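Shown next, in structure tokens, is the structure this report addresses.
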Amino acid sequence: MNFAKTDNLLLAGGEIIDIKSGKHEKVDIVIQNGKIDKIGAIEKKGFNGQIIDASGCIITPGLMDMHVHLREPGREDKETIDSGCAAATAGGFTAVACMPNTTPVCDTQEVVRFIKKKAEKLLVDVFPVAAITKGRQGKEITEMAELIREGAVAFSDDGSPVADTAVMRNAMDYVKMFDVPIIDHCEDPFLAQGGHMNEGVMSTKLGMQGIPNAAESLQIERDIQLSRLTGARVHIAHLSVREGVELIRRAKDEGLPITAEVAPHHLMFSDQDLVNYDTHLKMNPPLRTPEDIAALEKGIKEGVIDVFASDHAPHTIEEKDVEFDAAPFGILGLETMLAIILKQIVNRNIISLHQALEKLTIAPRRILNLPLPEVKEGYEANLTLINLNEMWTYDVSNSRSKSRNAPYNGMTFQGKAVGVFNRGLFESNFSQ
Amino acid sequence: MALSNRHLLGLDGVPAEDISKILDTAESLKTILSRPIPKVPTLRGITVVNLFFENSTRTRISFELAEKRLSADTVNFTSSGSSVKKGETLKDTVRNIEAMKIDMVVIRHASAGTPYFLTKCINSVIINAGDGRHEHPTQALLDMMTLREKWGTLKGKKVAIIGDIRHSRVAGSNMRGLVTMGAEVLVCGPRTLIPPGIEEMGVHVTYNLDEALAWADALNVLRIQLERQEKGLFPSIREYHAEYGITRERLKRFDKEIVIMHPGPINRGVEIDSDVADSDASIILEQVTNGVAVRMAVLVLLSGIDAAHES
């Protein structure tokens with residue numbers, strides 16, 4: 001990607017939105033050497049540098065997606081760190097955390113170092129999540145201290161659960177020493193085995209083996225109990241079931257260090273959308289029922305759910321253009337997450353804009369112990385510009401991802417990221 | 001003449017008029033089967049490919065005979081391995097076959113929804129010969145044809161489907177077709193073999209066989225596969241037979257004739273005893289004969305050829 005340097009730049013006429021209060025303030029921002037140099041009313045005339053017209057846009061701390069699959073190393077035909085980050089910037093993200101189910105698995109310092117190195121010159125901060133167990137086999141825990149030292153920000157066997165309760169307990173006991181979270185793919189592998197969609201009336205009608213809600217909620221409950229036992233921080237990934245919302249609510253009420261994320265597709269679609277066996281609606285956890293969506297919305301409203309995360313999971317056209325059972329789980333998400341959250345959550349008044357932005361900016365970084373960007377003088381210019389009124393249509397053939405597996409193709413959305421600033425670089429007015 | 005859909009992917013959403021038309025056509029085509037030379041030229045020049053990605057004897061032979069009785073050119077493709085293992089995708093396989101200029105595809109596949117997927121890959125007419133545990137529409141049509149022959153109508157009749165409902169595409173299509181035709185359907189089997197939410201398909205549910213027998217005018221007894229027991233879905237064949245096996249003694253408790261059907265192949269002594277399967281109340285062999293007639297009807301009606309002046 002060609003990013004311009006953020007040096008001697010005037011961001012004129014935008015509105016800073018304060019994540020805490022939701023207060024809008026129309027200001028100009030001068031950026032020098034990647035840093036926010038001055039905020040206030042700046043005279044354009046006589047400004048000796050590039051001027052970006054931000055009028056009509058809101059300016060927030062850079063968005064972060066803490067659950068993406070960048071596929072590199074190993075499956076560069078699906079995505080690379082470079083292409084995934086390009087999709088991230090198009091979606092308005094200045095940071096991602098990438099899951100370790102690569103080939104080789106991100107379970108050694110070398111792989112963490114490789115990812116950091118590959119991302120070194122990009123605008124997007126790439127934070128590797130390392131595996132909980134070696135090879136994601138669910139048996140022996142990884143060299144967590146060393147992995148953290150190299151830059152791993154969390155541990156997850158995402159894509160697979162840690163089925164053995166004793167192994168998970170040890171992982172939590174061990175990771176507790178470093179105050180780094182476990183990102184928990186919750187799935188009882190015995191209950192879920194052979195399933196391709198949610199279990200319920202729709203799986204009965206479509207003649208498919210289902211994955212019951214209990215497969216997910218059982219392991220959420222198990223790991224809440226293990227968190228109580230060990231004190232470890234547990235972040236529930238891609239929460240999709242109503243029972244899970246209740247379990248997490250109770251754990252939080254009890255004061256346990258549990259957090260949770262929800263993916264936009266689990267808010268947008270239900271299992272009823274599977275009538276045409278569209279493999280672009282096949283993901284794990286599967287699309288659940290409208291009742292689950294309602295519970296997730298309630299969980300968002302009541303603060304049970306901390307974060308929106310896309311679970312961006314690229315797969316090749318060939319892999320998805322097959323009979324339903326044969327297709328892999330997962331869909332693209334980076335380029336559409338912001339728009340879907342605006343459509344499904346903000347515009348429907350589930351929570352306010354600044355509350356939604358909090359779950360897209362500060363909340364994921366807080367969970368991962370990362371520095372929190374702020375739109376303040378002296379801070380790094382780590383910003384996202386959003387035009388809330390822009391109408392746009394997602395054309396997956398123009399996606400910056402190397403893959404095309406998105407169910408959103410042709411959908412029109414309102415609200416779009418139109419600029420990102422980070423690490424001394426910026427990009428604005430994306431074509432996609 | 002034509003049906004409202006150019007494919008037969010299942011009986012879900014197929015209107016009663018279409019089902020009646022298929023059954024009427026099948027009844028008239030059935031007369032061909034007992035002629036000295038049971039063959040008509042109706043589908044001469046039409047090429048039908050039978051794509052069987054799962055083992056099948058009865059259904060494949062039945063389709064092939066139906067095609068031959070109608071003078072269609074037929075080609076058989078049988079592969080039990082998945083397309084992925086063969087290194088060629090299903091889409092490529094069917095597009096290559098279609099490039100050889102064919103008209104209709106009969107497909108059986110272990111994955112639910114595969115016939116629908118084929119409609120997105122090729123232009124040929126697609127006939128579902130069984131997709132996973134989803135639907136097996138020609139089986140349900142032949143079951144309905146056989147019951148209609150017996151009773152003259154399906155309306156208000158009570159059909160109980162007994163056994164492994166969860167894994168049964170025969171049940172999947174029979175429930176839909178029978179409900180559309182105004183019959184009442186009850187499914188009966190151990191709770192582990194009844195899929196969730198099935199009541200929403202408009203059927204009654206019981207786990208008690210005697211309740212089903214007391215209620216039913218006809219039984220459609222499904223084959224029990226041994227692997228279900230191995231997966232722990234019921235404790236033993238012995239207990240299954242004791243609880244759900246259709247035996248003469250069990251039927252004797254009810255003072256009425258209950259019509260007996262089975263889609264085959266039968267596990268004698270497991271889901272049904274021989275003296276019931278071979279009794280006067282059994283219409284199992286008529287089902288098989290009607291299978292050819294029903295498949296002929298479906299082929300003719302979907303071929304686009306006006307068969308009014310034939311047969």
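The values are calculated or read from the model by the stated rules, or taken from the named source; none is laboratory data. Note that the structure is a prediction, hence the values are computed from the model and not measured. Cβ placement follows ideal geometry from the backbone for every residue including glycine, while neighbour counts extend to all protein chains displayed. Protein only, heavy atoms only, side chains kept; ligands, DNA and RNA dropped before computing areas. Shrake-Rupley method; radii C 1.70, N 1.55, O 1.52, S 1.80 Å.
What the table below lists for this structure:
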| item | result |
| --- | --- |
| Over chain A: helical MRE at 222 nm, DSSP H runs n ≥ 4 each giving -39500 (n - 2.57), nearest 500 | -7500 deg cm²/dmol |
| Restraint check, A:Lys116/A:Lys359; A:Lys117/A:Lys320; A:Lys20/A:Lys359; A:Lys118/A:Lys416; B:Lys150/B:Lys256, Cα-Cα greater than 19 Å | A:Lys116/A:Lys359; A:Lys117/A:Lys320; A:Lys118/A:Lys416 |
| Inter-centroid distance (Cα atoms) of region A:185-253 relative to region A:1-64, Å | 42 Å |
| With all protein chains modelled, accessible area of B:Val75 [1.4 Å, Å²] | 80 Å² |
| Fraction of the pair-distance distribution of region A:161-249 above 17 Å, Cα-Cα pairs, percent | 50 percent |
| Percent RCO, i.e. relative contact order, over region B:137-284, from Cα pairs under 8 Å lying at least 6 residues apart | 23 percent |
| All Cα pairs of region B:146-198, percent lying beyond 19 Å | 27 percent |
| Nearest 10 degrees, 0 to 90: helix B:16-33 Cα axis against chain B principal axis | 80 degrees |
| For region B:6-33 versus region B:85-134, the gap between their alpha-carbon centres in whole angstrom | 21 Å |
| Sequence-distant residues sharing a close amide H with B:Thr74 (under 5 Å, placed H) | B:Val48 |
| Relative contact order computed over chain B (Cα-Cα under 8 Å; 6+ residues apart), in percent | 21 percent |
| Amide hydrogen neighbours beyond the local backbone of A:Val418, cut-off 5 Å, H modeled | A:Leu385, A:Ile386, A:Asn387 |
| Pair A:Phe329, A:Arg366: separation of 7 Å Cα→Cβ label points (nm) | 2.9 nm |
| For region A:312-317, Karplus couplings with θ = phi - 60° (6.51, -1.76, 1.60), whole Hz, Gly/Pro x | 3, 9, x, 9, 5, 4 |
| Viscosity 1.567 mPa s, 4 °C: Kirkwood-radius Stokes-Einstein D of chain B over Cα pairs, µm²/s | 65 µm²/s |
| Convex hull volume of region A:295-432 per residue (C-alpha atoms, cubic angstrom) | 143 Å³ |
| Residue-level accessible surface for B:Ser4, protein heavy atoms, 1.4 Å, Å² | 90 Å² |
| Solvent-accessible area of B:Leu302 with every protein chain in place, 1.4 Å probe, in Å² to the nearest 10 | 10 Å² |
| Equivalent ellipsoid semi-axes, region A:107-182, via Cα gyration tensor eigenvalues times 5, rooted, Å | 23, 12, 10 |
| Contour excess over end-to-end distance, with Cα ends at B:Glu227 and B:Asp306 and 0.36 nm allotted per residue | 23.9 nm |
| Those trypsin sites (Lys or Arg not before Pro) in region B:256-311 that DSSP places in a loop and that have at most 14 other beta carbons within 10 Å | B:Lys256 |
| Volume per residue that the Cα convex hull of the protein assembly as shown spans, once the total is divided by residue count, Å³ | 168 Å³ |
| Amide H contacts under 5 Å for B:Arg166, placed H, 5+ residues apart | B:Ile194 |
| Exposure ranking of B:Ile284, A:Ile39 by accessible area [1.4 Å probe, largest first] | A:Ile39, B:Ile284 |
| Fraction in percent of alpha-carbon pairs per bin - 10 Å, region A:62-367 | 7, 29, 38, 23, 3, 0 |
| Whole-percent carbon and sulfur share, accessible surface of the protein assembly as shown, 1.4 Å | 48 percent |
| Cα gyration tensor shape of region A:49-145, rounded if a/c is under 1.5, else prolate or oblate by comparing a/b with b/c | prolate |
| Accessible area (Å², per residue) of region B:137-284, counting only protein heavy atoms and a probe of 1.4 Å | 40 Å² |
| In degrees, nearest ten, helix A:290-301 long axis to first principal axis of chain A (Cα) | 50 degrees |
| In sequence order, calculated HN-Hα J values of region A:384-400 (Karplus, 6.51, -1.76, 1.60; Hz; x Gly/Pro) | 10, 9, 10, 9, 6, 9, 5, 8, 8, 10, 6, 10, 5, 5, 9, 4, 7 |
| Stokes-Einstein D (µm²/s) once Rh is taken as the Kirkwood radius of region B:137-284 over alpha-carbon pairs, at 10 °C in 1.306 mPa s | 105 µm²/s |
| Calculated from backbone phi, Karplus (6.51, -1.76, 1.60) coupling profile of region B:58-73 in Hz, x at Gly/Pro | 4, 5, 5, 5, 4, 4, 5, 5, 4, 5, 6, 5, 9, 6, 6, 7 |
| Part-to-part distance (alpha-carbon centres) for region B:225-265 and region A:256-335, which is given in Å | 41 Å |
| Accessible area buried between chains B and A, both sides summed, probe 1.4 Å, in Å² to nearest 100 | 1700 Å² |
